[in-house]
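K.L.:
What follows is a single structure, and I will ask about it in a moment.
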């Protein structure tokens, strides 16, 4: 998988590339590596890795559901993305 660099994408650009193009993203937030990807059987997934251990792994039926339900330390994906951007 090619790593996408979030610092070059605004939230709206990310949404287009993820929701419309189904691109996968890998980025770092604090001590976490976050992977937004496609899971088994057509699901949409995110994984959070900390200290080389997967601490969160969740799958959803649509990319929009993933965006709406994503939480890490109480923060939404949009909040995290905008902090990084």
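The values are calculated or read from the model by the stated rules, or taken from the named source; none is laboratory data. What you are looking at is a predicted structure, and each value in this text was computed from that prediction instead of being measured. Positions of Cβ are generated from backbone atoms using ideal geometry, with glycine treated the same way; all protein chains shown enter the neighbour counts.
K.L.:
Name the residue, out of 19, 26, that is in a strand (DSSP E or B), within 13 Å of the chain's Cα centre (by Cα) and at pLDDT below 95.
P.N.:
26
K.L.:
Now a separate question. So, of the residues in segment 33-44 that are within 20 Å of residue 84 (Cβ to Cβ) and in contact with a helix residue (DSSP H, G or I) (Cβ under 9 Å, 6 or more places away or on another chain), which turns out to be surrounded by the fewest Cβ atoms within 10 Å (Cβ to Cβ)? So that I can check it myself, show each step before the final result.
P.N.:
Quick first cut of segment 33-44, residues within 20 Å of residue 84 (Cβ to Cβ) only: 33-37.
Narrowing the set further to residues that are in contact with a helix residue (DSSP H, G or I) (Cβ under 9 Å, 6 or more places away or on another chain) leaves 34, 36.
Details: 34: 23, 36: 21.
Among those that are within 20 Å of residue 84 (Cβ to Cβ) and in contact with a helix residue (DSSP H, G or I) (Cβ under 9 Å, 6 or more places away or on another chain), it is 36.
K.L.:
Could you please give the count of residues in segment 51-74 that are exposed (fewer than 15 other Cβ atoms within 10 Å of the Cβ) and more than 17 Å from residue 19 (Cβ to Cβ)?
P.N.:
Taking segment 51-74 and keeping what is exposed (fewer than 15 other Cβ atoms within 10 Å of the Cβ), we get 51-57, 61-62, 64-65, 68-69, 71, 73-74.
Subsequent filtering for residues that are more than 17 Å from residue 19 (Cβ to Cβ) retains 51-57, 71, 73-74.
So the count comes out to 10.
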